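The values are calculated or read from the model by the stated rules, or taken from the named source; none is laboratory data. Treat the numbers as computed from the prediction; the structure is a model and nothing was measured. In this analysis, Cβ positions are derived from the backbone assuming ideal geometry, glycine residues included, and neighbour counts consider all displayed protein chains. Side chains included, ligands, DNA and RNA excluded: accessible areas come from the protein's heavy atoms. Shrake-Rupley method; radii C 1.70, N 1.55, O 1.52, S 1.80 Å.
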Amino acid sequence: MGMTLTEKILANHSGNKSVKPGDNVWVDVDVLMTHDVCGPPAISIFKKQFGEDARVWDPEKMVIIPDHYIFTKDKYANRNVDILRGFAADQDLPHYFDVGTDRYKGVCHIALPEEGFTRPGEVLFGTDSHTCTAGAFGQFATGIGNTDAAFIMGTGKLWVKVPETMRFEFDGDRLPPYLMAKDIILQIIGDIGVDGATYRTMEFGGPGMKAMNIEDRMTLTNMVIEAGGKNGVVEPDEITEAYVRKRTDKPFKSVYSDPDARYHSVRRYNLEDMVPMVAKPHSPDNKATAEELEGTELTRAYIGSCTGGKLTDFIAAAEIIKGNTLKIDTYIVPATTEIARGLETEKVNGKTLLEVFEEAGCKIGRASCAACLGGPEDTFGRLNSDEICISTTNRNYPGRMGSKQAQVYLASPYTVAASAVTGKITDPRVFIQETII
Amino acid sequence: MIKGKAFVLGKNIDTDQIIPAAHLVYSLEDPEERKFYGRYALSGVPEKQSGLPKGGIPLVEKDKFESEFTIIIGGANFGCGSSREHAPAALEIAGIKAIVSPGYARIFYRNSVDGGFVVPIESVEDLSETIETGDELEIDQEKLELRNLTQKKTYKIKDLGSVADIINAGGIFEYARQQGMVA
């Protein structure tokens with residue numbers, strides 16, 4: 001019987017000819033990523049278990065990207081970055097992206113592809129649940145805890161239970177001009193629920209995939225964790241390979257699902273029938289269309305994070321914001337320093353994205369996770385009381401962006417930008433149809 | 001046998017409710033810093049949903065570091081959200097021994113097992129609307145029963161399955177040592 005892409009990667013990283021869902025296998029790890037929140041405890045477990053003088057199994061395969069609590073006065077948070085710095089120096093780790101240097105990147109899940117670590121056919125583990133983002137490149141990528149990370153640091157291996165795969169098949173030749181990948185994944189999470197893919201792979205494919213650029217695909221796989229998924233994957237194609245080849249010289253071998261692979265289930269969506277979606281407080285599966293929520297009062301808009309802080313996300317937002325004044329406080333946080341530079345060079349109607357946002361009065365933050373997960377109280381954009389925020393981020397459980405009195409609506413950059421202009425939840429089709437005319 | 005008082009929560013208790021992100025800065029090693037994970041465990045749960053059915057009961061009383069409760073009864077999808085291992089660690093530091101829920105988010109479950117923090121037990125049915133916060137419970141993993149001594153009721157729990165060996169060893173490192181995988 002055939003195998004899915006995920007089953008193939010797990011088979012050829014565990015020395016097996018084939019694997020099937022439910023098998024427990026030990027896999028060889030190609031990349032281990034950690035950051036400032038989970039790195040220090042993982043390092044401490046590594047030293048305790050393997051000895052103070054233990055060495056990382058393969059320095060070339062370990063990537064450390066501080067990104068969570070960077071621009072804060074919190075002494076513990078700053079101490080944690082110092083621990084990473086010290087460890088990277090002691091272990092001669094070549095892939096450490098230090099705060100306060102030109103190498104500083106920002107959000108790990110976007111930094112990983114930018115720096116060439118998301119290679120098709122490989123196995124990536126990261127101490128962050130949104131590590132699943134890298135599945136957009138046809139890599140097996142999933143989040144783990146500190147203990148598992150420490151285990152990999154010493155052995156280069158980890159046990160994995162082979163997941164069943166749910167297939168999501170997209171029809172249609174294009175994304176309608178008002179639709180973004182964020183709408184698609186919010187629709188899917190709303191349909192299957194926040195535990196609808198627990199222990200499973202979400203595999204995205206079908207003819208509609210060609211209509212999605214690499215950042216659209218990253219938005220899809222980024223949020224599979226919000227449906228409980230173990231990993232998300234998109235089969236690599238020329239779009240994937242073109243991106244990865246630009247970012248790394250390392251060889252990689254793409255793998256694909258067999259035509260007779262067995263799936264847990266198959267769901268079909270026609271891209272041309274889909275509409276802007278919103279997840280209402282306090283759960284990512286609490287779905288409604290933007291149209292149904294028209295008029296809901298807001299006090300803040302937030303555009304950023306690994307989910308909605310990529311360059312194409314800001315281009316989309318700028319298309320709507322340009323020339324408008326905004327009714328509510330609007331925060332812009334580029335995921336990485338590369339994207340921050342893109343804000344200064346990428347133009348919409350002759351103005352840079354940065355100029356568009358500054359003229360509209362947006363508050364612009366520095367590349368990092370910032371308020372997506374609340375963080376220390378002095379975090380840029382954090383919801384510190386009863387704000388009602390519409391956000392391009394990924395979670396809206398109570399307290400996710402700071403105070404548990406706050407309410408968070410999740411939406412696409414188009415919908416967030418349209419809502420920033422009116423101060424109320426607004427279907428972006430209002431603006432986008434005007435643009436077309 | 002795990003015995004103790006129940007602390008009851010609803011469904012989809014995510015890791016930000018278990019340990020809010022602002023507190024993820026403390027060391028898990030340093031004894032003085034570590035205890036704050038106990039103090040803030042479950043402090044992200046909205047008040048009305050904390051300690052069901054009445055609500056308004058914090059897991060850990062203000063200014064304390066440990067809880068009088070030792071068993072969490074949760075609704076479906078317990079531990080969803082981030083991969084922070086600080087979540088099961090915070091519950092253990094607060095004094096929690098076991099969680100009973102009809103289903104777990106994958107990474108939380110794995111972290112609980114591999115780190116040897118708390119025993120994540122699956123119940124056959126959702127017990128979060130039957131058991132009340134403060135009920136005295138007994139978890140019998142041999143008979144696969146959860147006994148509510150206060151309400152005098154018995155419920156079925158599931159076998160730990162393939163992770164039992166790791167739980168019984170005390171975590172992934174101890175398990176790997178038994179298997180001769182690490183020195």
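Computed quantities for the displayed model
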read-out: Region A:277-436, accessible area per residue, ligands and nucleic acids excluded (1.4 Å, Å²); value: 35 Å²
read-out: Residues along region A:125-165 losing 20 Å² or more of accessible surface when the other protein chains are present rather than the chain by itself (probe 1.4 Å); value: A:Ser129, A:Gly143, A:Ile144, A:Gly145, A:Asn146, A:Thr147, A:Asp148, A:Phe151, A:Trp159
read-out: Cleavage-rule hits, GluC sites (Glu not before Pro), region A:269-310, DSSP coil, Cβ neighbours within 10 Å at most 15; value: A:Glu291, A:Glu292, A:Glu294
read-out: Computed magnitude of the charge dipole of region A:191-246 (debye, nearest 20; Cβ of K, R +1, Cβ of D, E -1); value: 160 debye
read-out: Candidates B:Pro88, B:Pro20, B:Pro46, ranked by Gaussian network fluctuation over chain B, Cα under 10 Å, top entry; value: B:Pro46
read-out: Region A:223-247-region B:1-35 distance, computed between alpha-carbon centres (Å); value: 33 Å
read-out: Selection of chymotrypsin sites (Phe, Trp or Tyr not before Pro), region A:211-265, meeting DSSP coil and at most 12 other Cβ within 10 Å; value: none
read-out: Region B:119-183: relative contact order as a whole-number percent, Cα under 8 Å and 6+ apart; value: 25 percent
read-out: At R0 = 30 Å, FRET efficiency that the Cβ-Cβ distance of B:Leu149 and B:Glu32 yields, to 0.05; value: 0.25
read-out: Accessible area of chain B divided out per residue, in Å², using a probe of 1.4 angstrom; value: 41 Å²
read-out: Where region A:126-226 is the region considered: accessible area per residue in Å², 1.4 Å probe; value: 18 Å²
read-out: Subset of A:Lys182/A:Lys253; A:Lys47/B:Lys35; A:Lys182/A:Lys210; B:Lys3/B:Lys62; A:Lys322/A:Lys347 violating a 18 Å alpha-carbon distance limit; value: A:Lys182/A:Lys253; A:Lys47/B:Lys35; B:Lys3/B:Lys62
read-out: Loop GluC sites (Glu not before Pro), region B:1-86 (other Cβ atoms within 10 Å of the site Cβ: 12 or fewer; DSSP); value: B:Glu61
read-out: Ratio Rg/Rh, restricted to region A:193-320 and using Cα atoms, in which Rh is the Kirkwood radius; value: 0.98
read-out: Label point 7 Å beyond Cα of A:Tyr263 along Cβ direction - residues of region A:136-174 with amide nitrogen under 20 Å; value: A:136-141, A:162-174
read-out: With every protein chain in place, the protein assembly as shown: carbon and sulfur % of accessible area (1.4 Å); value: 46 percent
read-out: Highest-fluctuation residue, B:Gly74, B:Gly51, B:Gly170 considered, GNM on chain B with Cα pairs under 10 Å; value: B:Gly170
read-out: Interface size B-A, as summed buried accessible area [1.4 Å probe, Å², nearest 100]; value: 3800 Å²
read-out: Under 18 Å from A:Lys161, Cα to Cα: lysines that are on another chain or at least 8 residues apart; value: A:Lys8, A:Lys17, A:Lys20, A:Lys230
read-out: Nearest-0.05 FRET efficiency for B:Met1 and A:Glu52, computed from C-beta distance (R0 25 Å); value: 0.05
read-out: Sorted peptide list for A:194-204, B:124-134, criterion being average Cβ within 10 angstrom, highest first; value: A:194-204, B:124-134
read-out: Most fluctuating residue given options B:Ser83, B:Ser123, B:Ser50, as computed from a GNM of chain B linking Cα atoms under 10 Å; value: B:Ser83
read-out: Area projected by the alpha carbon convex hull of region A:261-411, averaged over all directions, nm²; value: 11.1 nm²
read-out: Only Lys, Arg (+1) and Asp, Glu (-1) charged, at Cβ; the protein assembly as shown dipole about Cα centre in debye; value: 360 debye
read-out: Unit charges on C-beta of K, R, D, E only; dipole of region A:1-63, Debye; value: 200 debye
read-out: Region A:382-437 and region A:113-180: distance between their alpha carbon centers, rounded to Å; value: 27 Å
read-out: Efficiency of FRET between B:Glu174 and A:Glu292 - r from beta-carbon atoms, R0 60 angstrom, step 0.05; value: 0.70
